[in-house]
1. Mean-square fluctuation check for the chain, GNM, Cα pairs under 10 Å: which of 26, 42, 55 is largest?
2. Just 63, 21, 30 to compare: in a GNM of the chain, with alpha carbon springs under 10 Å, which one fluctuates most?
3. With contacts defined as alpha carbon pairs under 8 Å and 6 or more residues apart, what's the relative contact order of the chain in percent?
4. Given the C-alpha centroids of segment 34-66 and segment 67-85, what is the distance between them in whole angstrom?
5. Hey, can you find the accessible area per residue of the chain for me, probe 1.4 Å, expressed in square angstrom?
6. Tell me the label-point distance for the pair residue 7, residue 74, using the 7 Å Cα-to-Cβ offset, in nm and rounded to one decimal.
7. What does the charge count near residue 39 come to, summing +1 for each Lys or Arg and -1 for each Asp or Glu among other residues with Cβ under 15 Å from its Cβ?
8. Just the number, please: carbon plus sulfur as a percent of the accessible area of segment 1-105, 1.4 Å probe, no ligands or DNA/RNA counted.
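The values are calculated or read from the model by the stated rules, or taken from the named source; none is laboratory data. It should be emphasised that the depicted structure is a prediction, and the values quoted were computed from it without experimental measurement. Cβ: placed from backbone, ideal geometry, glycine included. Neighbour counts: every protein chain shown. Quick note on the areas: whole protein, heavy atoms, side chains included, nothing else; ligands and nucleic acids left out. Shrake-Rupley method; radii C 1.70, N 1.55, O 1.52, S 1.80 Å.
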Amino acid sequence: QVQLVESGGGLVQAGGSLRLSCAASGRTFSTYAMGWFRQAPGEEREFVAAISWGGAVTDYADSVKGRFTISRDNAKSTVYLQMNSLKPEDTAVYYCAADPTGWGSDRSLFDSWGQGTQVTVSS
């Protein structure tokens, strides 16, 4: 497993932008698929975006397509989530996760999780 630490959350007005970062420890970061998930109060955790080990394949939840972009820098062992045109319904704790298979297509295979970072979007 890898150790994951998220940062970049905060309070933003609707229509604004934030960029989340997730720093990973361990020399095998480049072999993992990485993903972002979120959990709003009283709701179940949901998938947001994923990126394959090399960055060639990305996937997004329908609710964020066209607004959010996932990317990674394997040299820095970091994955990012650029969030634009934020909406109040994007308010949640955002979690970074790692999938050792490298592809991220099966959400149940994400087995390393960060502690989460709060994103609050005001209307």
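1. Highest fluctuation among the options: 42.
2. 63
3. Working: 319 pairs, mean separation 45.1, N = 123.
Once normalised by length, the contact order is 37 percent.
4. Using only Cα atoms, the two centres lie 11 Å from each other.
5. Solvent-accessible surface per residue comes out at 50 Å².
6. 2.4
7. Details: positive: 38, 45, 107; negative: 6, 43, 44, 46, 89, 90.
Every neighbour counted, the sum reads -3.
8. Carbon with sulfur: 48 percent of the solvent-accessible area.
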